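S.K.: Sharing a structure, written as structure tokens. Questions coming.
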Amino acid sequence: MARALAKLSGRFVPIAFGLLVCGLVLAVSRTGLFSTLELKTLDWRFKTRPAPERSNRICHVDIDDASISSLGRFASWPRARYARALKVLKELGATAVAFDIEFREPSDTKIPTEYLKNFLGEPIEERMSRMTTSLVRKLTPPEAERPERLRKLLQEETQSMLEKVRQDFDRQIPNNDRLLAEGLERFGAVYLAGNVSGKAEVDPVLSARITEALSQDFELDALELAGRLKVPTSVVADRLITLKERLAFDRLWQALSAGSEIKTAEDAARLLIPGYDASRESAEKVIIERTLDRVRAAATVLAQSALTKPADRWNHFPESIDLNPPLERFASKARGFGLSNAFPDPEDGVVRRVPTYFRWRDRLVPHLSLSFALHALGASDCRPTPEGDALLITLGEDGSVLRVPLESNGELLVNWAGNAALPWTETFSHVSFGSLLELDALRSNIRDNDNVLRLWFANYMPGRMEAVQDPIESLEDTLLAGTASDEEHAELRRLLDARSRLEDELLAFLKRNLEAFEGKALDQVDPELREPVADMRRALRDIPEIRRLRTTLSQRADDLKERLAVLIRDKFCIIGMTALGSTDIKSTPIDPKLPGVAVHGFVVNSLLTRSFVRRSPGWMNVVLTLLIGLLVTALAGTLPTTRAAVFSVLSIVGYALSAYLLFILFSLWLALVAP
């Protein structure tokens, strides 16, 4: 009996010990101690697996080192360059464009004082003095005694005058923001980026006290606030501008949501500052102008791309305090909007997932990559499941639904379409931003070259070239925009033939008129005829060179267009910074120094190819841990030590290989460390 009990206990003690170890492993895994190791095994799987399917409809337009070398420092780029790039992308047949560049601040050129003086014909101070004197004379005696009446009339006159100056200035000097807005509207399918910001307050009580004081007097400065609240000035100054902007945003948002009419920054200022004096310059005026544009832009982008969030659902999506959209003049011309934030895992600082939506007030605002991918998919609707564990995307073609698995916090695990042997630069199509502007510059050089020819025609055949060249340029613009009909193509060919004959006619005219002077040096020509003869000889020399240069430039443009079109036609293009000096660098499973814009491409690819990484549910990891633990324990309790060790190792290796194969074949992420 004793021997039987000993034998029985010899079998069950190892099993009990194994169960205890399994329990301890599961308990430790719940604390997160294994999470970093598990994430590293996931990175290893991404690096070593065969590269998954890649869509051939994604193209990255890289603001790379070559672009910066040819175009200068990125921070000083005028926005007209983006408008030119959009024009070329449309010509090359791009389907849609996403900018991973934020256009949140105006860049319009300020009107120089000298320009203002030249336009008005006198210094601005003298014009204002004369305007005031004239208005006083026009007012009746009772009105003249009312300063507010004079102030209002003076403001109206000044505004009208400055609008005329601005219109004239914009006609003569290209307005970068206006050109970009027009470029966005012409292209049509452009998606713009913004971001969310705002962290939990370090001292929410003090912030609430400052906000309460500002709600009573919005113009308080840091010194006055510090005195009222009896706190150090530096503590107030650190958060004053942010809190003023938030208060202004809240007030204006509530007013507009309630249907109030706020047409100008002055209307907004009166809402925030009782008795507001528009003639007085103040820091608050700048804050209010900027905030009003942000409120309008927020309303625009939310209408374009956001979902209304029920109060009882989707609260696990990351929350944000401040929404920072592009300027309203850009937002209103774009097709859609998305946020560009991507946060690294806290365990090791590696970006492995992106938020699909952010909570902002009662809305869900999409990530830029999701918003752009929905356009690429032709989706008619996208919303999270009631539980928020997946996105349900309704596809426009047949109404079918694509289910996209999400993490517990509403984030999407990025299925990196690359590996250690396939760098990002070879994963998708890439073109240099500078090459787009090179093509546009060639087009401009061709026009400039033809304008020189116009001058020669103006001297000898006035009006003849304009009758042909003007419609040629108009039809070429139509052709580049991709809207030319077959009839317009035929008309352009006819006009080009006509221009060639006209140029031959001018050359023949010049040769006939120079026959009498052939072989004569210029000093042998009648003094009265020397200048005309010299001009004709120069024209006879220049016109063939102009025609040759046109052919050369046109051939270069056609060759470059052909190379770029192969990479861009019918593609969804993502424009962003990739130069080595970029500050937007992410550490990812496949590359420790990946440009941030690349993340958008991988997310869009995942949605276009319907390939998603799915994490095994927690209960499955518990079951697997117990099964493997019991298997190893059973082997240890029933087999000799050596054989038990061999079979235990084989069991663990077999599980690891199975997990790896499941990841390769089905993108299923099984836990490796705990089991």
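S.K.: Do we have any residue at all in segment 35-42 that's hydrophobic (A, V, I, L, M, F, W, C), at pLDDT below 85, open to solvent by 20 Å² or more (accessible area, probe 1.4 Å) and closer than 23 Å to Leu594 by Cα?
M.R.: No, every residue in segment 35-42 fails to be hydrophobic (A, V, I, L, M, F, W, C), at pLDDT below 85, open to solvent by 20 Å² or more (accessible area, probe 1.4 Å) and closer than 23 Å to Leu594 by Cα.
S.K.: Can you pull out the residues in segment 222-250 that are open to solvent by 30 Å² or more (accessible area, probe 1.4 Å), within 18 Å of Arg270 (Cα to Cα) and out of contact with any Ser or Thr (no Cβ under 8 Å at 6 or more places or on another chain)?
M.R.: Across segment 222-250, the qualifying residue is only Asp250.
S.K.: Of all residues in segment 91-135, which are assigned to a helix (DSSP H, G or I), among the acidic types (Asp, Glu) and either touching a Ser or Thr at 6+ places or on another chain (Cβ under 9 Å) or more than 21 Å from Phe433 (Cβ to Cβ) (or both)?
M.R.: Glu114, Glu125, Glu126
S.K.: Which pairs do you get when a residue that is more than 30 Å from Asp221 (Cα to Cα), found in segment 287-314, comes within reach of a residue that is assigned to a loop (DSSP other than H, G, I, E, B), reach meaning Cβ atoms under 6 angstrom, with the pair 6+ apart or on two chains?
M.R.: Filtered contacts from segment 287-314: Thr300/Ser332; Val301/Pro325; Lys309/Asp362; Trp314/Gly388.
S.K.: Can you tell me which residue among Arg493, Arg512, Arg499, Arg464 is under 15 Å from Arg550 (Cβ atoms), charged (D, E, K, R) and out of contact with any His (no Cβ under 8 Å at 6 or more places or on another chain)?
M.R.: Just one listed residue meets the conditions, Arg499.
S.K.: Can you tell me which residue within segment 261-310, out of those that are of a type in the set (Ser, Thr, Tyr) and within 31 Å of the chain's Cα centre (by Cα), is nearest to Arg104 (Cα to Cα)?
M.R.: Thr291
S.K.: For residues in segment 337-350 being touching a Leu at 6+ places or on another chain (Cβ under 8 Å) and either without any contact (Cβ under 8 Å) to a residue 24 or more places away in the chain or not charged (D, E, K, R) (or both), which is surrounded by the most Cβ atoms within 10 Å (Cβ to Cβ)?
M.R.: Checked segment 337-350; the qualifying residue surrounded by the most Cβ atoms within 10 Å (Cβ to Cβ) is Gly338.
S.K.: Could you check how many residues of segment 251-280 are small (Gly, Ala, Ser) and open to solvent by 50 Å² or more (accessible area, probe 1.4 Å)?
M.R.: 6
S.K.: If you scan segment 378-391, which residues turn out to be in contact (Cβ under 8 Å) with a residue 12 or more places away in the chain and open to solvent by 20 Å² or more (accessible area, probe 1.4 Å)?
M.R.: Gly378, Ala379, Ser380, Asp381, Arg383, Pro386, Asp389
S.K.: What residue, of Ala516, Ala508, Ala534, is modelled with pLDDT under 90, open to solvent by 30 Å² or more (accessible area, probe 1.4 Å), out of contact with any Phe, Trp or Tyr (no Cβ under 7 Å at 6 or more places or on another chain) and assigned to a helix (DSSP H, G or I)?
M.R.: Ala516
S.K.: Scan segment 519-531 for residues that are over 58 Å from the mean Cα position of the chain (by Cα), part of a helix (DSSP H, G or I) and either at pLDDT 80 or above or not hydrophobic (A, V, I, L, M, F, W, C) (or both) and report the count.
M.R.: The number of residues fulfilling the criteria is 6.
Quick grid of which residues meet (1) without any contact (Cβ under 8 Å) to a residue 24 or more places away in the chain; (2) within 22 Å of Lys561 (Cβ to Cβ); (3) aliphatic (A, V, I, L, M):
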residue: Tyr460; (1), (2), (3): no, no, no
residue: Arg464; (1), (2), (3): no, no, no
residue: Val468; (1), (2), (3): no, no, yes
residue: Thr478; (1), (2), (3): yes, yes, no
residue: Thr483; (1), (2), (3): yes, yes, no
residue: Glu491; (1), (2), (3): yes, yes, no
residue: Asp504; (1), (2), (3): yes, no, no
residue: Leu507; (1), (2), (3): no, no, yes
residue: Arg512; (1), (2), (3): yes, no, no
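S.K.: Could I ask something else about it? Could you list, in sequence order, the residues of segment 82-117 that are modelled with pLDDT of 90 or more, more than 15 Å from the chain's Cα centre (by Cα) and of a type outside the set (Gly, Ala, Ser)?
M.R.: If the condition is that a residue be modelled with pLDDT of 90 or more, more than 15 Å from the chain's Cα centre (by Cα) and of a type outside the set (Gly, Ala, Ser), then Arg84, Lys87, Val88, Leu89, Lys90, Glu91, Leu92, Thr95 are the ones that fit.
S.K.: Where the second residue is modelled with pLDDT of 80 or more and among the β-branched types (Val, Ile, Thr) and the first is farther than 14 Å from Arg151 by Cα and lies in segment 268-279, which pairs have Cβ atoms under 8 Å and are six or more apart or on separate chains?
M.R.: Here the result reads Ala268/Ile262; Ala268/Ile288; Ala268/Thr291; Ala269/Ile288; Leu271/Ile262; Leu272/Ile288, each pair linking segment 268-279 to a residue that is modelled with pLDDT of 80 or more and among the β-branched types (Val, Ile, Thr).
S.K.: Can you confirm whether Ala557 is within 20 Å of Arg443 (Cβ to Cβ), surrounded by 12 or more Cβ atoms within 10 Å (Cβ to Cβ) and modelled with pLDDT under 90?
M.R.: no
S.K.: Looking at the structure I just gave you, is Ser371 at pLDDT 95 or above and surrounded by 16 or more Cβ atoms within 10 Å (Cβ to Cβ)?
M.R.: The answer is yes for Ser371.
S.K.: Taking the stated definitions as given, is Arg548 under 24 Å from Met465 (Cα atoms), open to solvent by 90 Å² or more (accessible area, probe 1.4 Å) and either out of contact with any His (no Cβ under 6 Å at 6 or more places or on another chain) or not in a helix (DSSP H, G or I) (or both)?
M.R.: It is true that Arg548 is under 24 Å from Met465 (Cα atoms), open to solvent by 90 Å² or more (accessible area, probe 1.4 Å) and either out of contact with any His (no Cβ under 6 Å at 6 or more places or on another chain) or not in a helix (DSSP H, G or I) (or both).
S.K.: Being open to solvent by 10 Å² or more (accessible area, probe 1.4 Å) and either at pLDDT 95 or above or among the polar types (S, T, N, Q) (or both) is the filter here; which residues of segment 65-81 pass it?
M.R.: Within segment 65-81, Ser69, Ser70, Ser76 meet the criteria.
S.K.: What about Ile574, is it assigned to a loop (DSSP other than H, G, I, E, B), open to solvent by less than 30 Å² (accessible area, probe 1.4 Å) and in contact with a Gly (Cβ under 6 Å, 6 or more places away or on another chain)?
M.R.: no
The values are calculated or read from the model by the stated rules, or taken from the named source; none is laboratory data. Quick caveat: nothing in here was measured; it's all calculated off a predicted structure. A quick note on method: Cβ atoms are made from the backbone with ideal geometry, for glycine too, and the neighbour counts reach across all protein chains shown. Side chains are part of the model used for accessible areas, which takes the heavy atoms of the whole protein and leaves out ligands, DNA and RNA. Shrake-Rupley method; radii C 1.70, N 1.55, O 1.52, S 1.80 Å.
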